[in-house]
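Peer 1: What follows is a single structure, and I will ask about it in a moment.
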């Protein structure tokens, strides 16, 4: 599996609001390369017009654009009943800024500057909201099954004991199976850390999880995606 | 600022003068009311006294035998020609028998009449006299009129009015002067405070307001303004610090990044170029992490947050953090142990408290050699909850302990191992934000960092 390109996901139509032309062009290029169709605009009014006309998978809104800003656009769209998943891009990462963004109806929040892999991973994660597997009691990936109520994991019929945080980590990977999840996504969603730890928190837990669910079985389910994060594949 | 001064220098537009005017006005009204009341009461008393004497005199005469009445009246008139009373006696047909009161006053009951007493002389100029008369019908039909001079009562009334006006004016003047002086004292004190503010505006931001005095409320005002100034000073200091940090700590890695990119451009082969770019990207990420840490530190120190504090169970929070850091510690060949207690609740921000303890735990893991044991404990003293993170590593010399919460401080620069040097600064800022106390001590051997919070007592969740 290593070295092969990630499986191309179903093509998605994205709306991008970004006033800086260089950033916009670059983002469009990166998202297009990831297999999506992107419609980009530079003002809030255009964004509202496009979002109400077209059928988009994910809205990517820069928070600070002159005139009608991303936050106002999002509030207006949510007030108009448009529930398309939205990712806010922002240069402000204060605690209150994030809370304010989420309260305005954003589904995720990405602080600038960011790596292309981070943007793509988060867009992909949003496009599946709310996935069926999130709510199901059991989920299966390859020959591995987790039971979210009993908190048990079995692989090839063999029971595997996991620590609470290892289970949470595996569950999050499975919810986004086939997609890349980045380190920051894991920190925010598994550990609720909104700061940069100075130690290898993720690597330490990931190596233990891998040792338990992948070692001794034929196929490695968890892949390291270089320069991006991790992915679980069946 | 410039237009605030001339107004306070004009005496008549000054607050002291206005204060005095209001003061005097209120006093004048009060004085007029009191004096007017006195005058009215005294006048009424004098009038009643006069009426009383008339009634007594009438009663004495009525008691006389009717036949001897005229003679008695005549006797009284001759005994005291300038006496208090004037008389008139008319028979049943209305013919005057004796007396000096004009016949026009011949009426039963109370009445008034003006009488010319004497013909005018050079020493005693003509003076019309106002007489108050009391007429009484006798048993045989004749009419007895007794009159007295109302002059004294009138004179008393006049005196009283003059007295009232004079004293009201005097009291008003006294009030005006008193009010002006009181206002003057008050405004001089305020002037000192204003002068201090002028100096602060002019840039001497270390200046503080003097106590105003006169009233505890005014001192509270001065104290609160001083506290506000301290706060603003702190924020300004934070801003200056961020600028310094950005200049100092981002310039060096930025220079390094630039050199790496130049080297990558000049690299001979494609692989070398790619490798160079990889290193440069890692360097850029490191830079961004430092930048984020600086901004976060500034944000926490600024304290400008809207998320309210809530009761947090420290035992619960630390248990999760220990689960998180146990594998990290083992991978770094450290041991992590904990002694937690139940119901250790403090008022705080869960996200920031998690970062605080994560920073302390990471600090202990990063800055100690392999084989070190890191212990996390929660201790309870009356009304106080302390979280203690200690290790049995080499520790920090006593004279350097105070410095380890400073920005970018490294005890041993060779052991920095990729940390931003801001971890303990951020921890310290979070501690301050929570009104808690950070103490750095000796674990003998090793470093002991304790954070002492006020225990949450079930009151209002927000500070």
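The values are calculated or read from the model by the stated rules, or taken from the named source; none is laboratory data. The structure displayed is predicted, hence computed values, not measured ones. Positions of Cβ are backbone-derived with ideal geometry, glycine not excepted, and every protein chain shown enters the neighbour counts.
Peer 1: Condition check: touching a residue at least 12 places away in the same chain (Cβ under 8 Å), part of a helix (DSSP H, G or I) and in the same structural domain as residue A:84 (by TED's automatic domain parsing). Does residue A:174 satisfy that?
Peer 2: no
Peer 1: Also: It is to be established whether one or more residues within segment A:121-129 are under 18 Å from residue A:187 (Cα atoms) and within 14 Å of chain B (Cβ to nearest Cβ).
Peer 2: No, because not a single residue in segment A:121-129 is under 18 Å from residue A:187 (Cα atoms) and within 14 Å of chain B (Cβ to nearest Cβ).
Peer 1: Next question, about the same structure. Scan segment B:361-376 for residues that are surrounded by 17 or more Cβ atoms within 10 Å (Cβ to Cβ) and out of contact with any strand residue (DSSP E or B) (no Cβ under 9 Å at 6 or more places or on another chain) and report the count.
Peer 2: The qualifying residues number 2.
Peer 1: Do the conditions hold for residue B:401, that is, is it more than 14 Å from every other protein chain (Cβ to nearest Cβ), at pLDDT 75 or above and farther than 26 Å from residue B:291 by Cα?
Peer 2: So residue B:401 does not fit the description; no.
Peer 1: Looking at segment B:267-287, is at least one residue assigned to a helix (DSSP H, G or I) and under 22 Å from residue A:191 (Cβ atoms)?
Peer 2: Checked against the condition, which is being assigned to a helix (DSSP H, G or I) and under 22 Å from residue A:191 (Cβ atoms), segment B:267-287 yields at least one hit.
Peer 1: Still on this structure, please answer the following. Quick check, is residue B:221 outside the structural domain of residue B:30 (by TED's automatic domain parsing) and buried (at least 17 other Cβ atoms within 10 Å of the Cβ)?
Peer 2: no
Peer 1: Still on this structure, please answer the following. Residue check, residue A:166 against (1) within 29 Å of residue A:88 (Cβ to Cβ); (2) crowded, with 19+ Cβ neighbours inside 10 Å; (3) within 11 Å of chain B (Cβ to nearest Cβ); (4) at pLDDT 90 or above, all met but one. Which one?
Peer 2: (1)
Peer 1: Would you say residue B:26 is closer than 20 Å to residue B:172 by Cβ, surrounded by 11 or more Cβ atoms within 10 Å (Cβ to Cβ) and at pLDDT 80 or above?
Peer 2: yes
Peer 1: In this structure, does residue A:113 turn out to be at the interface with chain B (Cβ under 10 Å from one of its Cβ atoms) and either under 17 Å from residue A:15 (Cβ atoms) or touching a helix residue (DSSP H, G or I) at 6+ places or on another chain (Cβ under 9 Å) (or both)?
Peer 2: Here the answer is yes, as residue A:113 does meet what is asked.
Peer 1: Being more than 30 Å from residue B:47 (Cβ to Cβ) and not in a helix (DSSP H, G or I), is that true of even one residue in segment B:180-203?
Peer 2: Yes, segment B:180-203 contains a residue that is more than 30 Å from residue B:47 (Cβ to Cβ) and not in a helix (DSSP H, G or I).
Peer 1: Hey, another quick one. Go through (1) in contact with a strand residue (DSSP E or B) (Cβ under 6 Å, 6 or more places away or on another chain); (2) within 14 Å of chain B (Cβ to nearest Cβ) for residue A:85 and report which single condition fails.
Peer 2: (2)
Peer 1: If you go through segment B:241-278, how many residues are farther than 12 Å from residue B:407 by Cβ and loosely packed, with under 13 Cβ neighbours inside 10 Å?
Peer 2: Looking only at that region, the number is 15.
Peer 1: If you check residue A:181 against the conditions, is it in contact (Cβ under 8 Å) with a residue 60 or more places away in the chain, more than 7 Å from chain B (Cβ to nearest Cβ) and within 23 Å of residue A:93 (Cα to Cα)?
Peer 2: When the stated conditions are applied, residue A:181 passes them.
Peer 1: Moving to a separate point now. I'm checking my understanding of the structure. Among residues of segment B:333-360 that are within 11 Å of chain A (Cβ to nearest Cβ) and surrounded by fewer than 22 Cβ atoms within 10 Å (Cβ to Cβ), which one is nearest to residue B:296 (Cα to Cα)?
Peer 2: B:351
Peer 1: If you go through segment A:194-205, how many residues are more than 7 Å from chain B (Cβ to nearest Cβ) and surrounded by fewer than 21 Cβ atoms within 10 Å (Cβ to Cβ)?
Peer 2: Result for segment A:194-205: 1.
Peer 1: Looking only at segment A:206-234, how many residues end up being over 23 Å from residue B:333 (Cβ atoms) and away from chain B (no Cβ under 11 Å)?
Peer 2: Number satisfying all stated conditions: 19.
Peer 1: Okay, next question. May I ask you to list the residues in segment B:279-328 that are at pLDDT 90 or above and within 11 Å of chain A (Cβ to nearest Cβ)?
Peer 2: Passing the criteria: B:317, B:319, B:320, B:321, B:322, B:323, B:324, B:325, B:326, B:327, B:328.
Peer 1: Could you tell me whether residue A:190 is under 16 Å from the mean Cα position of the chain (by Cα) and within 10 Å of chain B (Cβ to nearest Cβ)?
Peer 2: yes
Peer 1: Considering only segment A:143-163, I want to know if a residue exists there that is under 15 Å from the mean Cα position of the chain (by Cα) and touching a residue at least 40 places away in the same chain (Cβ under 8 Å).
Peer 2: no
Peer 1: Now for a separate question. Quick one: which strands (runs of 3 or more DSSP E) sit completely within segment B:299-377 and have at least 3 residues that are within 27 Å of residue A:96 (Cβ to Cβ)?
Peer 2: B:310-313, B:345-348
Peer 1: Read through the list (1) within 14 Å of chain A (Cβ to nearest Cβ); (2) at pLDDT 80 or above; (3) surrounded by fewer than 16 Cβ atoms within 10 Å (Cβ to Cβ); (4) under 41 Å from the mean Cα position of the chain (by Cα), then give the number of the only condition that residue B:203 fails.
Peer 2: Of (1) within 14 Å of chain A (Cβ to nearest Cβ); (2) at pLDDT 80 or above; (3) surrounded by fewer than 16 Cβ atoms within 10 Å (Cβ to Cβ); (4) under 41 Å from the mean Cα position of the chain (by Cα), only one is false for residue B:203: (1).
Peer 1: Suppose we filter segment B:287-308 for residues that are surrounded by fewer than 21 Cβ atoms within 10 Å (Cβ to Cβ), touching a residue at least 12 places away in the same chain (Cβ under 8 Å) and under 36 Å from the mean Cα position of the chain (by Cα); how many remain?
Peer 2: 6
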